Amino acid sequence: MIREPVFEDRGSLKSLMQRAEARLATRERLPDEELAMIIEGHRGKALPAAITDYLTQHFRGEIRGKKGPKLQSEAAKDFRFGPADNLYQRVLPLIEKRPRHPAFKAQNQDQTPSERALIYVREKLGNECDLRTISGRSIANEISKRRRAIEARDFPEDEPNAHPTDEA
């Protein structure tokens with residue numbers, strides 16, 4: 001990551017240009033937000049040659065994004081994992097009460113109830129929520145993140161006895 005002097009303002013044009021030049025020297029992509037701020041800062045003036053070259057390469061498709069999974073917004077994750085979380089929360093107690101029920105049978109009876117619930121969720125919602133390509137452990141992690149986010153939102157830490165419907 002690019003380091004800059006502490007005294008520089010992150011939004012100043014000079015600081016933006018320093019970071020852009022350092023990123024271009026290491027052949028990194030420029031963040032869109034910073035690129036927009038540089039262009040706005042040079043409104044009515046010619047852009048620096050390095051920025052013009054970068055934009056030309058970008059529009060020709062010569063600059064590619066990093067490989068790997070693309071980041072998803074929280075709304076997209078909620079839309080994707082919300083139904084899985086809801087089904088998991090409904091099915092887990094049933095599997096714990098009736099582990100031998102034929103609807104919840106897994107190939108391996110040595111699995112924990114939570115693993116069997118994840119397998120059930122993945123089978124039932126795999127095509128609908130595009131969960132077939134995701135491992136059971138990843139689904140469990142996303143469900144846990146979603147649960148923690150809901151808890152943090154509904155029960156804020158600043159007042160331990162507060163309830164979301166309490167008036168301030």
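Can we say Ala84 is of a type in the set (Gly, Ala, Ser), surrounded by 12 or more Cβ atoms within 10 Å (Cβ to Cβ) and touching a helix residue (DSSP H, G or I) at 6+ places or on another chain (Cβ under 6 Å)? Against the criterion (of a type in the set (Gly, Ala, Ser), surrounded by 12 or more Cβ atoms within 10 Å (Cβ to Cβ) and touching a helix residue (DSSP H, G or I) at 6+ places or on another chain (Cβ under 6 Å)), Ala84 qualifies. Of the residues examined, Gly82 is not one that is outside any helix (DSSP H, G or I) and either farther than 22 Å from Ile150 by Cβ or at pLDDT below 90 (or both).
Out of everything in region 8-58 that is exposed (fewer than 14 other Cβ atoms within 10 Å of the Cβ) and hydroxyl-bearing (Ser, Thr, Tyr), what residue ends up being farthest from the chain's Cα centre (by Cα)? Only one residue fits best here, namely Thr52. Taking region 127-142 as the range and being closer than 14 Å to Gly82 by Cα and either in a loop (DSSP other than H, G, I, E, B) or among the charged types (D, E, K, R) (or both) as the test, the residues that pass are Glu128, Cys129, Asp130, Leu131, Glu142. Among the residues of region 59-76, the ones that are open to solvent by 50 Å² or more (accessible area, probe 1.4 Å) and in contact (Cβ under 8 Å) with a residue 12 or more places away in the chain come to 2 in all. In the set (1) surrounded by fewer than 17 Cβ atoms within 10 Å (Cβ to Cβ); (2) at pLDDT below 75, the condition left unmet by Cys129 is number (1).
The values are calculated or read from the model by the stated rules, or taken from the named source; none is laboratory data. As the structure is a prediction and not an experimental result, all values here were calculated from the model. So basically every Cβ, Gly included, is an ideal-geometry build from the backbone, and we count neighbours across all protein chains shown. Ligands, DNA and RNA are stripped out before the accessible areas are found, and what is left, the full protein with its side chains, is counted by its heavy atoms. Shrake-Rupley method; radii C 1.70, N 1.55, O 1.52, S 1.80 Å.
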